[in-house]
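Here's the structure we're looking at; comments come further down.
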Amino acid sequence: MPAPTTPTNQPRRTLLLTGASRGIGHATVKRFSAAGWRVITCSRHPFPENCPWEMGPEDHIQVDLADPANTQHAVEEIKTRLTDGELHALVNNAAISPKAEGGKRLSSIDTTRDVWRHVLQVNFLAPIMLARGLLKELQAAKGSVVNVTSIAGSRVHPFAGAAYSTSKAALAALTREMAADFGPLGIRVNAIAPGEIDTAMLSPGTESIIPHIPLHRLGTTDEVAKIIYVLCTDTASYVNGAEIHINGGQHV
């Protein structure tokens, strides 16, 4: 039986996406699915029964990225679902940003060692564990990896905590290292660094930042998903090791 095809009659491509349950992740699922991709999602939550996505239960893997052993187990499960041995794109979107009491940012003084370890495991180590674990499948498809960093990775942010910001800065550096290491295998590795995007993760007081954004508005999850999609297609076939700022000019 022939493999399913996309609307362009090309063999169906597969995306693995972490942190798919809301915000940027949910918008990314919709963007790739609309283009005919198969989307395998990873989340620490089970697939919600009320979700209208038909293939969700079959293509969802529950995994705790804070647990290295559970993450490695998920890698093996993902391999069994890639029956053709090819993975065309990996988007490392899952991240955590713990807050202090009252929703305040956790400074480098206040962040406990356990919180540092937890954040770094989810935001920094899990992405390289997944990419390395699925290296053969990415290589077989000449695939693409997109790491989701943050504007907080390059400056002290009024709401993002020290551990979150540090993990995103580390992920940006890891993206460059991966681009150099994975590139000879035909795998492109890039990052996107969103600014203030209108999601459930926004902290109270974010509206005070809007006047300092040249476009004078928040970004949308769909605007981020579109750039992720481009980085995973032939449109970006010579883009490798880049970090794309999606922040309305907030970084200038």
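Taking segment 35-60 as the search range and keeping residues that are modelled with pLDDT of 95 or more, outside any loop (DSSP other than H, G, I, E, B) and among the hydrophobic types (A, V, I, L, M, F, W, C), which one is farthest from residue 80 (Cα to Cα)?
Result: 39.
Hey, any hits in segment 146-166 for a residue that's among the aliphatic types (A, V, I, L, M) and at pLDDT 95 or above? Show your work before the answer.
We begin by selecting, within segment 146-166, every residue among the aliphatic types (A, V, I, L, M); these are 146, 148, 151-152, 156, 160, 162-163.
Narrowing further to those that are at pLDDT 95 or above: 146, 148.
Looking for residues that are among the aliphatic types (A, V, I, L, M) and at pLDDT 95 or above, one finds at least one in segment 146-166, hence yes.
Which of the residues belonging to segment 141-157 are surrounded by fewer than 17 Cβ atoms within 10 Å (Cβ to Cβ) and touching a Leu at 6+ places or on another chain (Cβ under 9 Å)? Before the answer, list the steps.
Of all residues in segment 141-157, those surrounded by fewer than 17 Cβ atoms within 10 Å (Cβ to Cβ) come to 142, 154-156.
Matches in segment 141-157: 142 only.
Looking only at segment 154-176, count every residue that is of a type in the set (S, T, N, Q) and over 14 Å from residue 96 (Cα atoms) and tell me the total.
Here the count works out to 2.
Tell me, please, whether a residue that is touching a helix residue (DSSP H, G or I) at 6+ places or on another chain (Cβ under 7 Å) and small (Gly, Ala, Ser) can be found in segment 180-191.
Yes.
Within segment 11-26, restricting attention to residues that are modelled with pLDDT of 95 or more and of a type outside the set (D, E, K, R), which residue is surrounded by the fewest Cβ atoms within 10 Å (Cβ to Cβ)?
Here is the first cut: in segment 11-26, the ones modelled with pLDDT of 95 or more are 13-18.
Next, only the ones that are of a type outside the set (D, E, K, R) stay: 14-18.
Numbers: 14: 24, 15: 28, 16: 30, 17: 26, 18: 26.
This residue is 14.
Per-residue answers, yes or no, for (1) more than 24 Å from residue 46 (Cβ to Cβ); (2) small (Gly, Ala, Ser); (3) touching a Phe, Trp or Tyr at 6+ places or on another chain (Cβ under 7 Å):
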{"position": "83", "(1), (2), (3)": "no, no, no"}
{"position": "98", "(1), (2), (3)": "no, no, no"}
{"position": "108", "(1), (2), (3)": "yes, yes, no"}
{"position": "113", "(1), (2), (3)": "yes, no, no"}
{"position": "122", "(1), (2), (3)": "no, no, no"}
{"position": "141", "(1), (2), (3)": "yes, yes, no"}
{"position": "147", "(1), (2), (3)": "yes, no, no"}
{"position": "151", "(1), (2), (3)": "yes, no, no"}
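Residue check, residue 175 against (1) closer than 25 Å to residue 199 by Cα; (2) without any contact (Cβ under 8 Å) to a residue 12 or more places away in the chain, all met but one. Which one?
In the conditions (1) closer than 25 Å to residue 199 by Cα; (2) without any contact (Cβ under 8 Å) to a residue 12 or more places away in the chain, residue 175 misses (2) alone.
Taking only segment 178-207 into account, find how many residues are surrounded by 17 or more Cβ atoms within 10 Å (Cβ to Cβ) and either small (Gly, Ala, Ser) or modelled with pLDDT under 95 (or both). Talk me through it step by step, then tell me what you get.
To start, the set of residues in segment 178-207 that are surrounded by 17 or more Cβ atoms within 10 Å (Cβ to Cβ) comprises 178-179, 182, 187-197, 199.
The next check asks that each one be either small (Gly, Ala, Ser) or modelled with pLDDT under 95 (or both); those that pass are 179, 191, 193-197, 199.
Looking only at that region, the number is 8.
Give me the residue from segment 208-229 that is of a type in the set (A, V, I, L, M) and within 14 Å of the chain's Cα centre (by Cα) and, out of that set, surrounded by the fewest Cβ atoms within 10 Å (Cβ to Cβ). Lay out the reasoning, then the answer.
Taking segment 208-229 first, the residues of a type in the set (A, V, I, L, M) are 209-210, 213, 215, 218, 224-225, 227-228.
Imposing the further condition that a residue be within 14 Å of the chain's Cα centre (by Cα) reduces the set to 224-225, 227-228.
Details: 224: 25, 225: 24, 227: 18, 228: 26.
Only one residue fits best here, namely 227.
For every residue, the table says whether it meets (1) touching a residue at least 40 places away in the same chain (Cβ under 8 Å); (2) of a type in the set (D, E, K, R); (3) under 17 Å from residue 228 (Cα atoms).
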residue	(1), (2), (3)
118	yes, no, no
126	yes, no, no
137	yes, yes, no
141	yes, no, no
145	yes, no, yes
153	yes, no, no
157	yes, no, no
183	yes, no, no
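If residue 8 passes every condition in (1) surrounded by fewer than 18 Cβ atoms within 10 Å (Cβ to Cβ); (2) at pLDDT 95 or above but one, which one does it miss?
The number of the failed condition is (2).
The values are calculated or read from the model by the stated rules, or taken from the named source; none is laboratory data. Predicted model only: the values in this text are computed from it and were never measured. Cβ sites come from the backbone with ideal geometry, for glycine too, and all protein chains shown count toward neighbours.
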